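Participant: Here it is: the structure, laid out below.
The values are calculated or read from the model by the stated rules, or taken from the named source; none is laboratory data. Predicted model only: the values in this text are computed from it and were never measured. A quick note on method: Cβ atoms are made from the backbone with ideal geometry, for glycine too, and the neighbour counts reach across all protein chains shown.
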Amino acid sequence: MSRRLAWPGFRNARDLGGLPLHPRGQTRFGELVRSDLPSGPGGLSVQTPVAYGVRTVIDLRTPRELLGRPSPLRQLPGYRHLPLLLDDDFDVVTAMRDLGRTYRWKVDNRGQAIAAILGFMAEAPPGGILFHCLAGMDRSGVVTALLLSLAGVDRASIIEDYLLSDGTMPLPIPPRPEMMAGLLDHIDSRHGGAPAYLSAVGAGASVQAALRRRLLG
């Protein structure tokens, strides 16, 4: 199966299945999909994700972004808005002008939001979960890094997945390996790794076990 998803209206959609696990195996296809905000109805069929098996959609954008540009997927029954950043947070990270630093800031300052997002994933009904921000790189990238780290995907594969966003969107700063590497280092050195971090912010053992079952089968 291909991890890149050539869905009409999406420019940066991919399945988180097929990533190698230590010491053997791989993550399951059809469980978690990360993406950008799909374009308007002219080039989009919302039935494409549904046909793929998606039953839950999580919109990670700020409330202000939602007002300016509602998600075309909001009509699906499983749609939920769970912002990783609030409007003021978005202004803070935009002012940083250091993408790698913004990833670390999100982990350090938005733990409750991250726990809510992953907790909702853990309790979602059977079927695929699609989560998206605007470009599908930064907020989606932080959530993906935590999910894949929790599942036991190796560091190089997490970075490789992050870099797949390169060239998919007109971004002012393209993804670079040191940005994701810095986030993974930060999660390990400051927070004791993804499981310890998630437990500390409120996504405890039951949430983590449910997420692992989704990704590992």
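Participant: Keeping to region 96-125, report how many residues are farther than 19 Å from SER199 by Cβ and under 14 Å from the mean Cα position of the chain (by Cα).
Facilitator: 1
Participant: Among the residues of region 123-136, is any at pLDDT 95 or above, among the aromatic types (Phe, Trp, Tyr), in contact with a strand residue (DSSP E or B) (Cβ under 6 Å, 6 or more places away or on another chain) and under 28 Å from ASP98 (Cβ atoms)? Steps first, please.
Facilitator: Quick first cut of region 123-136, residues at pLDDT 95 or above only: 123-136.
So of that shortlist, the ones also among the aromatic types (Phe, Trp, Tyr) come out as 131.
From what's left, in contact with a strand residue (DSSP E or B) (Cβ under 6 Å, 6 or more places away or on another chain): 131.
Now restrict to residues that are under 28 Å from ASP98 (Cβ atoms): 131.
Yes.
Participant: Could you grab the pairs with beta carbons closer than 9 Å, sequence gap of 6+ or different chains, first residue in region 160-174 and closer than 14 Å to SER140 by Cβ, second one in a loop (DSSP other than H, G, I, E, B) and polar (S, T, N, Q)?
Facilitator: These pairs meet every condition: LEU164/ASN12; SER165/ASN12; THR168/ASN12; MET169/ASN12; LEU171/SER165.
Participant: When the residues of region 86-99 are narrowed to those that are in contact with an Asp or Glu (Cβ under 9 Å, 6 or more places away or on another chain) and crowded, with 18+ Cβ neighbours inside 10 Å, which ends up nearest to ASP188 (Cα to Cα)?
Facilitator: Only one residue tops the list, namely LEU99.
Participant: Quick one: in region 158-192, which of the residues that are surrounded by 14 or more Cβ atoms within 10 Å (Cβ to Cβ) and of a type in the set (Gly, Ala, Ser) is nearest to HIS22 (Cα to Cα)?
Facilitator: ALA181
Participant: Counting only residues that are aliphatic (A, V, I, L, M) and farther than 23 Å from SER39 by Cα, which one in region 128-156 is surrounded by the fewest Cβ atoms within 10 Å (Cβ to Cβ)?
Facilitator: Here is the first cut: in region 128-156, the residues aliphatic (A, V, I, L, M) are 129-130, 134-135, 137, 142-143, 145-148, 150-151, 153, 156.
Next, from what is left, pick out any that are farther than 23 Å from SER39 by Cα: 145-148, 150-151, 153, 156.
Numbers: ALA145: 23, LEU146: 25, LEU147: 27, LEU148: 24, LEU150: 21, ALA151: 23, VAL153: 23, ALA156: 11.
Selected residue: ALA156.
Participant: Taking region 120-136 on its own, how many of its residues are more than 14 Å from VAL50 (Cα to Cα) and assigned to a strand (DSSP E or B)?
Facilitator: Counting residues in region 120-136 that are more than 14 Å from VAL50 (Cα to Cα) and assigned to a strand (DSSP E or B) gives 1.
Participant: Can I ask one more? Return the pairs, sorted by first residue and then second, in which the second residue is in a strand (DSSP E or B) and surrounded by fewer than 18 Cβ atoms within 10 Å (Cβ to Cβ), the first residue lies in region 20-33 and is touching a residue at least 24 places away in the same chain (Cβ under 8 Å), the beta carbons are less than 9 Å apart, and the residues are 6+ apart or on different chains.
Facilitator: Filtered contacts from region 20-33: PRO20/GLN26; THR27/PRO20; THR27/LEU21.
Participant: Mind checking which residues of region 100-122 are surrounded by fewer than 18 Cβ atoms within 10 Å (Cβ to Cβ) and among the basic types (Lys, Arg)?
Facilitator: Of everything in region 100-122, just one residue is surrounded by fewer than 18 Cβ atoms within 10 Å (Cβ to Cβ) and among the basic types (Lys, Arg), namely ARG101.
Participant: Could you grab me the full set of residues in region 142-156 that are closer than 17 Å to LEU85 by Cα and either in contact with a strand residue (DSSP E or B) (Cβ under 8 Å, 6 or more places away or on another chain) or of a type in the set (Val, Ile, Thr) (or both)? Explain how you work it out, then say what you get.
Facilitator: Of all residues in region 142-156, those closer than 17 Å to LEU85 by Cα come to 142-146.
Answer for region 142-156, where residues must be closer than 17 Å to LEU85 by Cα and either in contact with a strand residue (DSSP E or B) (Cβ under 8 Å, 6 or more places away or on another chain) or of a type in the set (Val, Ile, Thr) (or both): VAL142, VAL143, THR144.
Participant: Can you name every one of the helices (runs of 4 or more DSSP H) wholly within region 147-217 that holds 2 or more residues which are within 23 Å of GLU123 (Cα to Cα)? Lay out the reasoning, then the answer.
Facilitator: Values: elements: 155-163, 177-191, 194-201, 205-216.
Passing ranges, in order: 194-201, 205-216.
Participant: Tell me whether region 102-116 contains one or more residues that are within 21 Å of LEU171 (Cβ to Cβ) and among the acidic types (Asp, Glu).
Facilitator: Among the residues of region 102-116, not one is within 21 Å of LEU171 (Cβ to Cβ) and among the acidic types (Asp, Glu), which makes the answer no.
Participant: Continuing with the same structure: What number goes with the only condition from (1) touching a residue at least 60 places away in the same chain (Cβ under 8 Å); (2) more than 24 Å from LEU211 (Cα to Cα) that ASP108 does not pass?
Facilitator: (2)
Participant: Consider LEU76 against the criteria (1) in contact with a strand residue (DSSP E or B) (Cβ under 8 Å, 6 or more places away or on another chain); (2) of a type in the set (A, V, I, L, M, F, W, C); (3) within 23 Å of ALA209 (Cα to Cα): it satisfies all of them except one. Which criterion is unmet?
Facilitator: Only one criterion in (1) in contact with a strand residue (DSSP E or B) (Cβ under 8 Å, 6 or more places away or on another chain); (2) of a type in the set (A, V, I, L, M, F, W, C); (3) within 23 Å of ALA209 (Cα to Cα) is unmet by LEU76, namely (3).
Participant: Kindly indicate which of PRO125, PRO70 is touching a residue at least 40 places away in the same chain (Cβ under 8 Å), out of contact with any Cys (no Cβ under 9 Å at 6 or more places or on another chain), surrounded by fewer than 24 Cβ atoms within 10 Å (Cβ to Cβ) and farther than 28 Å from GLY182 by Cα. Outline the logic, then answer.
Facilitator: Working: PRO70 fails: touching a residue at least 40 places away in the same chain (Cβ under 8 Å).
The conditions single out PRO125.
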